[in-house]
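Below you'll find the structure, written out as structure tokens, and then a few comments.
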Amino acid sequence: MNHWFETLQQSLDREKIPQDPKKAPLVPLQVYSESLGELREAFSRWFQTCLPANARIRVFVDGVDKKCAEGPTAQIDREFRALLSDAGIPCRWTDLSAELSVPPRDIHASHACLERIRGVVRGGKEDAAVVLGSGSITDLVKHALQMENITVPFVSIPTALTVTAFTSAFAIIDFHGAKRTLLSRPVSAAFWVRPFLECAPPGMSRAGYGDLLARFVAYGDWFLGHRLGVMERYDESAFRLMEPFAGGIRDAADGFAGDALPQEATACTAAALAMAGISMSTAGETTPLSGFEHVISHALDFLRLTAGRELVFHGEQVALGSLVSARTIDRLLAIENLKNVAWRDEDIGQSLRVLEERMAAAPLPRSSPADPYREKMGAARVEFSVEYRKKSERWAAARPRIGSFVDSWEDIRLELARLTMRARELELLLKKSGLPCRPGETDPPTADEEFRWAVAFSPFVRVRMNLSDLLFWMGREDLVVLP
């Protein structure tokens, strides 16, 4: 076993996750294969031990040709299909692009696409579902199986180091441009294959590294929300699960700057992404690795989805958002006391009016006097308003206890500093890895106006509190440090 995956198992054992009857089922089998030969052996063993006799699997792909570092075809789908044939594993191959009659680029983790994929999975009678591909189709198939109550084992085989979806029991689905985190079905096993992962486009691998950088800031959001009284529970199990990977994540930064991903960076990032998904699943929420930085990314996605424009890789936006979060946390830590803060009243109507104003200011391209986004914006406004109303009610309930938060600020500052990384160190990781430090450095480029809007709108993106909510309620959004 690769030493990073040994670290993963040791971290789980220290937290006694395998002995916890509620958490253990949320931990998928993890296999890291250095070669196609190792993958064949490991996958055959899983097939023989975990499935019934005469079993048949169904493999879902997105129809995109992807490079493989081994094999006569040097193409992932063909090599995996040949591997199954050689191993005598019966398989039904499902190309989602062909099934849906759309080009692969149009397969997004949207509610509309999800509904169509429900129809695809509904017709399956196989004994296991395997996704060979990206985080988007992993979430789509995972949640389609959940909604159709198809309880067969679900296996992910990532073709790039992009997101935490490959091991998490959640699915991120877009509703009218608003990203929503849905409790989904657990992953049964994840196979990480070096000949697949090291051939992924460099930008995709960097994006996965960028998604991991949220680990250095997001826990601060959860801690603040709990101390403020708007989040009911808080624990640091997920923080401890991820801690053994912190040094490796730091050390791996240089490996993402070039076109060839080093073996050590590949294995470390794969294990860290696997643990990130597991730690969120066992925490029962995505909070440990998804805070202010993620809602900035979701707000940027909203602009592009509404306008029908090409999306930036999620992890690129998360990395940039993490830098904003770290700089803002540094400024917050510099405040010695909160005695003079003019906290916002618990007026839900006023907050919803701010939401309306900021939505109206969304920097969307206008090519005609008529509003081409009226319908989309109307549906999104309802979605955001319903979710924000719930959060505002929690703030209203917590507002009378704000004095305790203010009086404890010195201790809160110490804990916040312990849980987060300073901006100077985080910025260095972004620069070393080739991730964007400014909006215009994303691919495609993000306009400064778009990024400013995304930061301003971030309190209204989802129901869970994040750092931007604290600043909004403090009346101190001026503390946000834009790149």
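Looking at the chain, send over the antiparallel percent of its DSSP beta bridges, to the nearest 5.
Working: 7 of 29 bridges.
Taking every DSSP beta bridge within the chain, about 25 percent pair in antiparallel fashion.
Short version: what are the Cα gyration tensor semi-axes of region 339-483, square root of 5 times each eigenvalue, largest first, in whole Å?
Numbers: eigenvalues 168, 131, 26 Å².
Gyration-tensor ellipsoid for region 339-483: 29, 26, 11 Å.
Report in % the part of the accessible area of the chain that belongs to carbon and sulfur, leaving out ligands and nucleic acids; probe 1.4 Å.
Details: 9360 of 19200 Å².
Heavy-atom surface of the chain belonging to carbon and sulfur, 1.4 Å probe: 49 percent.
Quick one: check the C-alpha center-to-center distance for region 47-103 versus region 302-317, whole angstrom.
One Cα centre to the other: 29 Å.
Looking at the square roots a ≥ b ≥ c of the eigenvalues of the Cα gyration tensor of region 109-171, which shape do they give, rounded for a/c under 1.5, prolate if a/b is larger than b/c, or oblate?
Since a/c reaches 1.5 but b/c is at least a/b, the shape of region 109-171 is classed as oblate.
Going by alpha carbons, how many degrees (0 to 90, nearest 10) lie between the helix axis of 111-122 and the longest principal axis of the chain?
On a 0 to 90 degree scale, this one is about 30.
Work out how far the C-alpha atoms of region 248-294 reach from end to end along every principal axis, then list the three figures in whole Å, largest first.
Ordered largest first, region 248-294 gives principal extents of 35, 21, 15 Å.
Give me the aspartates and glutamates in straight-line cross-link reach of Lys432: C-alpha distance below 18 Å, same-chain residues under 8 apart excluded.
Counting by Cα, and skipping residues close in sequence, Lys432 has these aspartates and glutamates nearby: Asp211, Asp251, Asp254, Asp259, Glu264, Glu316, Glu441, Asp443.
Bin width 10 Å, origin at 0, all Cα-Cα pairs of region 404-473: what percent of pairs per bin?
15, 31, 40, 12, 1
Projecting each Cα onto the charge dipole of region 289-443 (Lys/Arg +1, Asp/Glu -1 at the beta carbon, about the Cα centre), which of Leu419, Ala342, Ala319 comes out farthest on the positive side?
Of Leu419, Ala342, Ala319, it is Ala342.
In square angstrom, what is the accessible area per residue of region 182-299 with a 1.4 angstrom probe?
24
Going by accessible area, probe 1.4 Å, with all protein chains left in place, what is the ranking of Thr282, Thr73, largest first?
Sorted by accessible area, descending: Thr73, Thr282.
For region 345-458, what does the accessible surface come to per residue with a 1.4 Å probe? Please give it in Å².
Working: 6100 Å² over 114 residues.
Per residue, region 345-458 has 53 Å² of solvent-accessible surface.
Among residues other than Ile173 whose Cβ falls under 11 Å from its Cβ, what is the net charge (Lys/Arg +1, Asp/Glu -1)?
0
Specify the inter-centroid distance of region 128-158 and region 400-453, based on alpha-carbon positions, in whole Å.
33
List the lysines whose alpha-carbon lies under 29 Å from that of Lys390, not counting same-chain residues fewer than 8 positions away?
Lys22, Lys23, Lys142, Lys179, Lys339, Lys376
Below 8 Å between Cα atoms, with a sequence gap of 6+, how large is the relative contact order for the chain in percent?
17
Give me the compactness ratio for region 1-43, meaning the Cα radius of gyration over 2.2 N^0.38 Å. Don't jump to the answer; show the numbers that get you there.
Details: Rg = 12.4 Å, N = 43, 2.2 N^0.38 = 9.2 Å.
Normalised Cα radius of gyration, region 1-43: 1.35.
With all protein chains present and a 1.4 Å probe, how do Val64, Val324 order by accessible area, largest first?
Values: Val64 55, Val324 0 Å².
In descending accessible area the options line up as Val64, Val324.
Per residue of the chain, what 222 nm ellipticity follows from adding -39500 (n - 2.57) for every DSSP H run with n ≥ 4, rounded to the nearest 500?
-16000 deg cm²/dmol
From the Cα trace of the chain, what convex hull volume per residue do you get, rounded to a whole Å³?
Dividing the Cα hull volume of the chain by its residues yields 142 Å³.
Any chance you could tell me what percent of the C-alpha pair distances in region 65-136 go past 19 Å?
44
The values are calculated or read from the model by the stated rules, or taken from the named source; none is laboratory data. Predicted model, so just to flag it, every value in this text is computed and none were measured. FYI the Cβ positions are ideal-geometry reconstructions off the backbone, even for glycines, and counts take in every protein chain you see. Side chains are part of the model used for accessible areas, which takes the heavy atoms of the whole protein and leaves out ligands, DNA and RNA. Shrake-Rupley method; radii C 1.70, N 1.55, O 1.52, S 1.80 Å.
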